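Trainee: Could you have a look at this structure, given as structure tokens, before my questions?
The values are calculated or read from the model by the stated rules, or taken from the named source; none is laboratory data. These numbers were taken from a predicted model, which means no experiment stands behind them. When we count neighbours, we look across all protein chains shown, and the Cβ atoms used for this are built from the backbone with ideal geometry, even at glycine.
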Amino acid sequence: MSDNYDPYNNGNYNDRNGQSDNYGGYPQNDQGVRKGNEYSYESSSFDQSYEYSSDRSAHKKKQGSHRVLKAVVCLLLLTGVGAGSVQAYKFLNETKKELAEYTGESSKSKAESKTQTQDKTEPESEAENLQAETDSNEELPSLIQLASRSDAKPLPDIVEEIMPSVVGVSSTFEYEYSQPSFSMWGWNTTPQTQQAKATGTGFIITDDGYIVTNAHVIYDESEYNAGLAIEVSVLFSDETEHEAKIIAYDKETDIAVLKVNEKGLTPAILGDSDELRVGELVIAVGNPLGFDLFGSVTSGIVSALNRQISINEKNMTLIQTDAAINNGNSGGPLLNSCGQVIGINSAKMSSNYGSASVEGLGFAIPMKEAKVIIDDLINYNYVKGRPQIGISTVDVNESYSRYLNIPMGVYVRTVEEGSAAEQAGILEGDIIIGIENEPITTIDELTAIKNKFKAGDTIKLTLSRNGTDVDVNVKLQEERNPLETKDENPLEKDPDISNN
């Protein structure tokens, strides 16, 4: 069957030279339609072609209607999608506004910020990016910055300001020891005198030469028991050395005042130790291990305040710090981050405390309490208001008590003339066994209770005298501590003897 079979042509076959390719009998040339007589309305082929053409037109119309329908459906779909997008946008926008209100952000401010960002010029954006990178690269505050006060000074400035006020203190002590010797009569001991030097630190407090240091720097209570130094000199930061005079000292608070005959000196600025806080930055200046390391600076923090520490059998209230304080630092200044002296470096805990090994335990005398002592030492040569009985004593321990058949207590060796003890009738050889109805066995116990009172108060002492207990009332006098010499107070040779 020909590929050109036309079902509308009554089974007639047309060759390729006919009109089979046109199905409706239309000539290939469109202009032939306008020639009128070439095409006859009676022609069966035309009629058949016409009928075929009419069917095709209906088919085309049907296809056109389908296309319109499809277009309408597409339009409806697009309209639905658009409407859905608008509704989704409205929903998201409303949700965004609600979130902005909840978080405190404003969409308006964001839009303005975005507009401003878009309006910025390229150089400005680059500058902001560079600044952002710089800010992100900034380091976190150091421990020193975190521990410093808000009005703190740079550490180099603090050191530069305090250094002219720091001095080295050199003390010469003289002590006796027994030198064994052999002769034809056997072994003998010959007393020998020897000198020794010790160094410490101090700082200038007035421009006319008053200097503060520790009492133990100029007064020895070690195993040598050398007592008061026979000579003291100070070394300034300019390496000039000057002879110093001991004005006064107080062993109980470990404070001493010296004086040099110089004018125009640079005094240190004294601060208030009550303003200190645990964790605050502190700086220690001193001369550890002698003058070879003059003016060494260490730093740390305040580890604790109001520490109750017993040093040389004296109870003291001190500042604890982890700033390095070594032998030779005693008497030096402890500074806050403003460069003010808030403490006097006094002691470092031994490297072995009992069975435990310790480090970083340094102590300083609070400056607020020290100021009162310093003023009294300068003005009166002793600390005013401190109660005194007026006796020198030694403890009667359990061994002596059994051997001598006397009660344990505080043995009275001497009574000062005109003292409160003499006026109360206390005698040499009496043994104090109680104070204010509390039994005691040592001088530390006696002193602890006595110091709860002030000069002018009356206390009751219980004495053992020739095996009989006697009560006496003592009106406490003000303690006076004039400078002592070895000749004036030979009892200082015996470390077990105490003045009270």
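Trainee: Within the group 375, 395, which residue is closer than 30 Å to residue 458 by Cβ and at pLDDT 95 or above? I'd like the intermediate steps shown before the answer.
Mentor: Values: 395 fails: at pLDDT 95 or above.
None of the others qualify; the one that does is 375.
Trainee: Restricting the stretch 242-272 to residues that are of a type in the set (D, E, K, R) and in contact (Cβ under 8 Å) with a residue 24 or more places away in the chain, which is surrounded by the fewest Cβ atoms within 10 Å (Cβ to Cβ)?
Mentor: Looking at the filtered set, the residue picked out is 263.
Trainee: Of 274, 238, which residue is more than 22 Å from residue 365 (Cβ to Cβ) and outside any strand (DSSP E or B)?
Mentor: Details: 274 fails: more than 22 Å from residue 365 (Cβ to Cβ).
Answer to the selection: 238.
Trainee: Any residue that is in a loop (DSSP other than H, G, I, E, B) and either more than 30 Å from residue 223 (Cα to Cα) or modelled with pLDDT of 90 or more (or both) - is there at least one of those in the stretch 468-478? Please lay out each step first, then the result.
Mentor: In the first step, residues of the stretch 468-478 are kept if they are in a loop (DSSP other than H, G, I, E, B); the result is 476.
Of the ones still in play, those that are also either more than 30 Å from residue 223 (Cα to Cα) or modelled with pLDDT of 90 or more (or both) are 476.
Yes, that holds for at least one residue.
Trainee: Select from the stretch 142-183 the residues that are in the same structural domain as residue 243 (by TED's automatic domain parsing) and of a type in the set (S, T, N, Q) and write down the one among them that is surrounded by the fewest Cβ atoms within 10 Å (Cβ to Cβ).
Mentor: 183
Trainee: Still on this model: How about the stretch 247-256: which of its residues are of a type in the set (A, V, I, L, M, F, W, C) and farther than 15 Å from residue 330 by Cβ? So that I can check it myself, show each step before the final result.
Mentor: In the first step, residues of the stretch 247-256 are kept if they are of a type in the set (A, V, I, L, M, F, W, C); the result is 247-248, 255-256.
247, 248, listed by residue number.
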